[in-house]
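Step one of this worksheet: look at the structure below.
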Amino acid sequence: MAISMSKKKSKPSKKLETKHHQFSDTLLFKILNRIPLAIFLLILIFLWSSSTTIISGKFVHVCVSSRKLNNLYCLSAGTQPNFEIPIPALNNNISTGIKEVVDIVQEVPDPIVNNGSDGEVAFAVKVVEQQLQVQRSWISNKDHVTSCDGKGIYVYDLPSKFNKDLVGQCGDMIPWTNFCKYFNNEAMGEPLVKLGKGWHHTHQYALELIFHTRALKHPCRVYNENEAKLFYVPFYGGLDILRWHFKNVSNDVKDTLGLELVKWLENKESWQKNSGKDHVFVLGKISWDFRRKNDDVSSWGTRFLELDQLQKSIKLLIERQPWHVNDIGIPHPTYFHPHLDDDIITWQLKIIRSNRTSLVSFAGAARPDAPQNIRSILINQCNNSGTNCRFLNCSSGGCDQPESVIELFMDSEFCLQPPGDSPTRKSVFDSLVSGCIPVLFDPFTAYYQYPWHLPEDHSKYSVFIEQEEVRKMKVNIIEKLKKVPLREREDMR
């Protein structure tokens, strides 16, 4: 834009001079007058470069850089009710910013609780909550539509090395467990006759196989890629990780299959069309297992979800990385697999009528190698409470039989659900199915994980007790739960 300027200076009016003198007398002007112009310009440039706002459709993404952390904090807000494909409107820079909100996420699965200043914690939690709002906006309309028009799901027929061959290694994946028995009955495991119809001995890592089996039978499955709205990639990445965990192999070996899968996809026109945005992966282990951060040979897991090619795709996992909007948390598989609505109603009536003789129960094991873990404290409080609390020790094999766990939960009003090796627990969903109110100690166990499955108001179905209060012996869990009114318990159940 051309700007013309006249060399002739106009004489200012007395009125303008008066206003100028009034402004000159203000404190603000006196302060600004003392700051050299160059420094003032540098401050303006810094403020501008430290924040970025991107408006895309009805989403607003604001990213603010941190001098301390050398990363971007990104907040996303807004909804898009008619969002047909759950793909966030984020560019690569913003996704990278969300990916590393705090540098400590590289080392521990529960960074918010264990590390960081109060300001960093508050800001990171706000980021997580904003991301969950975006994910909630992807929930489909409640009005059930029977037609599959425009909703086709294409299931890739991958080379067998990416799924079936991994199942064939079920016998020696883990030294002390034969996984083969868990992969029977379409990966639901053997029936649990004692618990009734629809109950099976299902392993918590069987999600990949269960989902694949059901996707193959989905009424909206299409066989022509051009008719597909979504593309499901049946890669058993969790089994790929398990088979190497107890073997002395290099990180290159651990990463090989994931890299080969990406190369295979990149040759597909369906992938190239949208750079994988409309592709969905279902992974039966936690997000951290696929985000190895260092090259130490003893490091656990792969770098599969850290690959640049996968940043735009949707990943469904039993535990999501809270700062990745494309990570969607879905429940761990439980033992209950109803086939009909009547199966659900029959079970609901049974647990509602259950005579719960125990106030509290805890099925788990201590973590002696993790002194910050509150499990030992909870076990001591439970054992010292007399008949108010029952403890099922999983370290001695007490939890190997699903019937023992489910019957314990059916007999209990509250089920303690502290974090274990990671924040989430399969036991949370076992307790919900059993009508036992989960008692949570870390918001990352459920509240920041499952926006498609659990109410946003967590007080509707659970009790939350800050684990730091437990760690510092400020609260007796049993006494606190005794004070929850019976009517409130019934409402939560």
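The values are calculated or read from the model by the stated rules, or taken from the named source; none is laboratory data. It should be emphasised that the depicted structure is a prediction, and the values quoted were computed from it without experimental measurement. We place every Cβ from the backbone using ideal geometry, glycine too, and count neighbours over all the protein chains shown. Accessible surface areas use protein heavy atoms only, side chains included; no ligands, DNA or RNA. Shrake-Rupley method; radii C 1.70, N 1.55, O 1.52, S 1.80 Å.
Starting with the highest mean, order 299-306, 173-180, 439-446, 326-333 by the number of other Cβ atoms within 10 Å, averaged over the residues of each peptide.
Order by mean packing, descending: 439-446, 326-333, 299-306, 173-180.
Within the set of other residues whose C-beta is less than 11 Å from the C-beta of PHE162, count the net charge using Lys and Arg as +1 and Asp and Glu as -1.
So the environment of PHE162 carries a net charge of -3.
For a quick protection proxy, order the peptides 162-172, 345-355, 371-381 by their average other-Cβ count within 10 Å, most packed first.
371-381, 162-172, 345-355
Once you order the gyration tensor axes a ≥ b ≥ c over the Cα atoms, which shape class does region 147-329 get: rounded for a/c under 1.5, otherwise prolate or oblate by comparing a/b with b/c?
Oblate, because a/c is 1.5 or more while a/b does not exceed b/c.
May I ask you to rank GLU466, GLU186, GLU269 by accessible area, largest first, using a 1.4 Å probe over the protein chains only?
GLU269, GLU186, GLU466
Note the direction-averaged projected area, equal to a quarter of the hull surface, for the Cα convex hull of region 226-288, in nm².
4.9
Compute the normalised compactness of region 289-343: alpha-carbon radius of gyration over 2.2 N^0.38 Å, N being the residue count.
1.55
Give me P(r) over region 323-375, computed from all C-alpha to C-alpha distances, binned every 10 Å, as integer percentages.
In whole percents, the pair-distance histogram is 16, 23, 34, 24, 4.
Per residue, how much accessible surface does region 147-329 expose to a 1.4 Å probe? Answer in Å², no decimals. Before the final figure, lay out the partial values.
Numbers: 8070 Å² over 183 residues.
Accessible surface, normalised per residue, equals 44 Å².
Enumerate the whole-percent occupancy of each 10 Å bin, from 0 to the last occupied one, for all C-alpha pair distances of region 185-249.
Going out from 0 Å in 10 Å bins, region 185-249 shows 17, 34, 29, 17, 3 percent.
Could you report region 341-492's accessible area per residue, 1.4 Å probe, as an integer in Å²?
So region 341-492 comes to 47 Å² accessible per residue, rounded to a whole number.
Sum up the charges of everything whose Cβ sits under 13 Å from the Cβ of PRO451, counting Lys and Arg as +1 and Asp and Glu as -1, but leave PRO451 out.
Charge balance in the 13 Å sphere: -2.
Ordered by residue, what ³J(HN,Hα) values in Hz, to whole numbers, does region 458-471 give under the Karplus form 6.51 cos²θ - 1.76 cosθ + 1.60, where θ = phi - 60° and Gly and Pro are x?
5, 5, 6, 9, 8, 10, 10, 10, 4, 5, 5, 5, 5, 4
What do you get for Rg/Rh over region 341-492 if you use C-alpha atoms and the Kirkwood form of Rh?
0.94
Could you state the number of Å between the C-alpha centres of region 314-369 and region 273-295?
Value for the Cα centre distance between the two parts: 23 Å.
What net charge do the residues around LYS194 carry, taking every other residue with its C-beta under 15 Å from that of LYS194, with Lys and Arg at +1 and Asp and Glu at -1?
Within the 15 Å Cβ shell, the charges total -3.
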